[in-house]
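Heads up, the thing below is written out as structure tokens.
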Amino acid sequence: DAGITQSPRHKVTETGTPVTLRCHQTENHRYMYWYRQDPGHGLRLIHYSYGVKDTDKGEVSDGYSVSRSKTEDFLLTLESATSSQTSVYFCAISAHDRVRSGNTIYFGEGSWLTVV
Amino acid sequence: GENVEQHPSTLSVQEGDSAVIKCTYSDSASNYFPWYKQELGKGPQLIIDIRSNVGEKKDQRIAVTLNKTAKHFSLHITETQPEDSAVYFCAAVYGGSQGNLIFGKGTKLSVKP
């Protein structure tokens, strides 16, 4: 358990409405990530953060924005949701793992978003 | 751009048999290769990983091999059990970054009792 909580876990929203997904971590990790998962595409990086107010784009960032005003929270916002953003969204953190002798990525349980 | 190819996309084995999933990567600078298992409705769980300074790593019934020259790595599961049924993803870190991973598209493994 990497201490990651995603909310909401499930959401249905209408096209054109704003949506914010929250990722909360309890262990003060510096790096946090948002991925989306779609059939036939695997997991793709949307945005990531390497510290408070420090964020960068990933592979599929169009239509998404992020904010990190405190270490424990990383928010993903869909400014105007579209049907193509129907997906499962996973938050992840990078944590130093003594057993594995390096940093490893751990995922949350996911947020299922349906845009109708 | 960077890419990770994963094969096969589906794999069905009998309980007790071995399963092998193969991945190739394109970024020669990649130095970290994790494998994740994802059960239905859950997030991906790290099951094993390998760094570029070793060629093989084992953890009980699972093992991963890495061939940096050929840029491919494989997951081996021996004595498969029904609870091994899941989707498995390989990944490779790219761009020398902290942890930005590129994932394969996944392999759905079914273990038949």
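I'm checking my understanding of the structure. Among residues of region A:71-110 that are open to solvent by 60 Å² or more (accessible area, probe 1.4 Å) and in contact with a Lys or Arg (Cβ under 8 Å, 6 or more places away or on another chain), which one is nearest to the other protein chains (Cβ to nearest Cβ)?
Looking at the filtered set, the residue picked out is A:Glu109.
Of the residues in region A:61-99, how many are touching a helix residue (DSSP H, G or I) at 6+ places or on another chain (Cβ under 9 Å) and in contact (Cβ under 8 Å) with a residue 60 or more places away in the chain? So that I can check it myself, show each step before the final result.
Taking region A:61-99 and keeping what is touching a helix residue (DSSP H, G or I) at 6+ places or on another chain (Cβ under 9 Å), we get A:63-64, A:78.
Add one more test, that the residue is in contact (Cβ under 8 Å) with a residue 60 or more places away in the chain, and what stays is A:78.
The number of residues fulfilling the criteria is 1.
Would you be able to tell me the number of residues in region B:10-47 that are at positive phi and at pLDDT 95 or above? Before the answer, list the steps.
Here is the first cut: in region B:10-47, the residues at positive phi are B:16, B:41.
Then keep just the ones that are at pLDDT 95 or above; that gives B:16.
Number of matching residues: 1.
If we keep just the residues of region B:55-66 that are out of contact with any Asp or Glu (no Cβ under 8 Å at 6 or more places or on another chain) and open to solvent by less than 60 Å² (accessible area, probe 1.4 Å), which is nearest to the other protein chains (Cβ to nearest Cβ)?
B:Ile62
Identify the residue in region A:31-57 that is aromatic (Phe, Trp, Tyr) and touching a residue at least 40 places away in the same chain (Cβ under 8 Å) and, among all such residues, is farthest from the other protein chains (Cβ to nearest Cβ).
From region A:31-57, those aromatic (Phe, Trp, Tyr) are A:31, A:33-35, A:48, A:50; that's our starting set.
Adding the requirement that they be touching a residue at least 40 places away in the same chain (Cβ under 8 Å) leaves A:31, A:33-35.
On the way: A:Tyr31: 5, A:Tyr33: 7, A:Trp34: 12, A:Tyr35: 8 Å.
Within region A:31-57, the match that is farthest from the other protein chains (Cβ to nearest Cβ) is A:Trp34.
Looking only at region A:24-33, which residues are open to solvent by 50 Å² or more (accessible area, probe 1.4 Å) and closer than 27 Å to B:Asn3 by Cα?
Within region A:24-33, just A:Arg30 meets the criteria.
Being in contact with a Ser or Thr (Cβ under 7 Å, 6 or more places away or on another chain) and more than 11 Å from A:Leu21 (Cβ to Cβ) is true for just one of A:Thr71, A:Thr86, A:Thr77. Which residue is that? It would help to see each step written out before you state the result.
Details: A:Thr71 fails: in contact with a Ser or Thr (Cβ under 7 Å, 6 or more places away or on another chain); A:Thr77 fails: more than 11 Å from A:Leu21 (Cβ to Cβ).
Within the list A:Thr71, A:Thr86, A:Thr77, the selection yields A:Thr86.
Can B:Val20 be described as open to solvent by 40 Å² or more (accessible area, probe 1.4 Å) and within 14 Å of chain A (Cβ to nearest Cβ)? Steps first, please.
Values: open to solvent by 40 Å² or more (accessible area, probe 1.4 Å): yes; within 14 Å of chain A (Cβ to nearest Cβ): no.
In short, no.
In the set A:Arg68, A:Arg44, A:Arg36, which member is surrounded by 14 or more Cβ atoms within 10 Å (Cβ to Cβ) and farther than 22 Å from B:Val93 by Cα? Walk me through how you get there before you give the answer.
Working: A:Arg44 fails: farther than 22 Å from B:Val93 by Cα; A:Arg36 fails: farther than 22 Å from B:Val93 by Cα.
From the options A:Arg68, A:Arg44, A:Arg36, the qualifying one is A:Arg68.
Out of all the residues in region B:36-54, which are free of Cβ contacts under 8 Å to residues at least 60 places away in the same chain and either open to solvent by 10 Å² or more (accessible area, probe 1.4 Å) or more than 11 Å from chain A (Cβ to nearest Cβ) (or both)?
Passing the criteria: B:Lys37, B:Glu39, B:Leu40, B:Gly41, B:Lys42, B:Gln45, B:Leu46, B:Ile47, B:Arg51, B:Ser52, B:Asn53, B:Val54.
Here are B:Tyr25, B:Tyr94: which of them is in contact with an Asp or Glu (Cβ under 7 Å, 6 or more places away or on another chain) and open to solvent by 10 Å² or more (accessible area, probe 1.4 Å)? Before the answer, list the steps.
On the way: B:Tyr25 fails: in contact with an Asp or Glu (Cβ under 7 Å, 6 or more places away or on another chain).
After applying the criteria, what remains is B:Tyr94.
The values are calculated or read from the model by the stated rules, or taken from the named source; none is laboratory data. Treat the numbers as computed from the prediction; the structure is a model and nothing was measured. Neighbour counts are summed over all protein chains in view; Cβ atoms, including those assigned to glycine, are modelled from backbone coordinates with ideal geometry. Note: accessible area is taken over every heavy atom of the protein model, side chains too, but ligands, DNA and RNA are not part of it. Shrake-Rupley method; radii C 1.70, N 1.55, O 1.52, S 1.80 Å.
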